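Worksheet: one structure, shown below.
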Amino acid sequence: MGVCVCGTSECQRVAGRRRRWDRTGAVSAAWRRPRDPEPADRRREAVRSGHGGSRPCDASDLLLRPHSTSDDATPNPNAVAAQNLVRLSVLAGNDTWRQKADKLIEAILSAVERNLFGHVALLNALDLRLRGAEIVATGRETERFAQAALKLPYVDRIVLRAKSSADLPAAHPAHEKLKATQASAAFICIAERCSLPVTNADAIAATVANMRAS
């Protein structure tokens, strides 16, 4: 059965015609054939642009193929994917995920000008990408500092636990700082710039605010 996603009178007319055709049997078999016989083309387009619709590329029974980038009752899946890719790049220490996030955000960003409030989730992803705080907790009291960092709003912070510099990728901006630190501390990195060691867990929030203000 097809899915009517637009809620317009045209959608209703199309759905009504399909029900009549199904009753008569005149064109039901033809209607059920995939309207686009080349799902591979859709996969290639999704790979090229970095974003996709809300149904599988090879779904064959849709009246319309949803391909929206705007938020609905829930954040748009593309925006959620972009945020997750940014976080994954930090947590996995793999910049490939960050590049995928950049490609995805760039592919959708032009739509923001036409519908600003419909793309708030994407703007959150862009904000996380540009000014997200990477908080690295280190030392014997790693968990205490990590728990303090987790109290900050989730949308614009990422918390890493690294008891030593060996737990961080060599390219991470805090890698060399951890080598020179023996005490338990937290390092806050924003836009490739890292703070001095924060040795008081209660001062993490204030340090993040100060770095964003400077």
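Below is a table of values for the structure above.
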{"read-out": "Residue in region 203-214 that is buried (at least 20 other Cβ atoms within 10 Å of the Cβ), closer than 27 Å to ASN84 by Cβ and touching a residue at least 60 places away in the same chain (Cβ under 8 Å) present", "value": "yes"}
{"read-out": "Strands (runs of 3 or more DSSP E) enclosed by region 100-194 - at least 1 residues per element that are surrounded by fewer than 18 Cβ atoms within 10 Å (Cβ to Cβ)", "value": "157-161"}
{"read-out": "Residue among ALA186, ALA171 that alone is touching a strand residue (DSSP E or B) at 6+ places or on another chain (Cβ under 8 Å) and in contact (Cβ under 8 Å) with a residue 24 or more places away in the chain", "value": "ALA186"}
{"read-out": "Cβ pairs under 7 Å, 6+ apart, first in region 118-130 and closer than 12 Å to LEU104 by Cα, second outside any helix (DSSP H, G or I) and of a type outside the set (D, E, K, R)", "value": "LEU122/ASN76"}
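A quick yes/no check of all residues on (1) among the hydrophobic types (A, V, I, L, M, F, W, C); (2) under 30 Å from ALA73 (Cβ atoms); (3) under 13 Å from the mean Cα position of the chain (by Cα):
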residue	(1), (2), (3)
GLU106	no, yes, yes
VAL112	yes, yes, no
LEU122	yes, yes, yes
ALA125	yes, yes, yes
ALA137	yes, no, no
GLU141	no, no, no
GLN147	no, no, no
ARG157	no, yes, no
LEU168	yes, no, no
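A short reminder: the numbers here are calculations on the coordinates, not readings from a lab. This one's a predicted model, so the numbers in the text were calculated from it and none came from an experiment. All Cβ positions, even for glycine, are placed from backbone atoms using ideal geometry, and neighbour counts span all protein chains on display.
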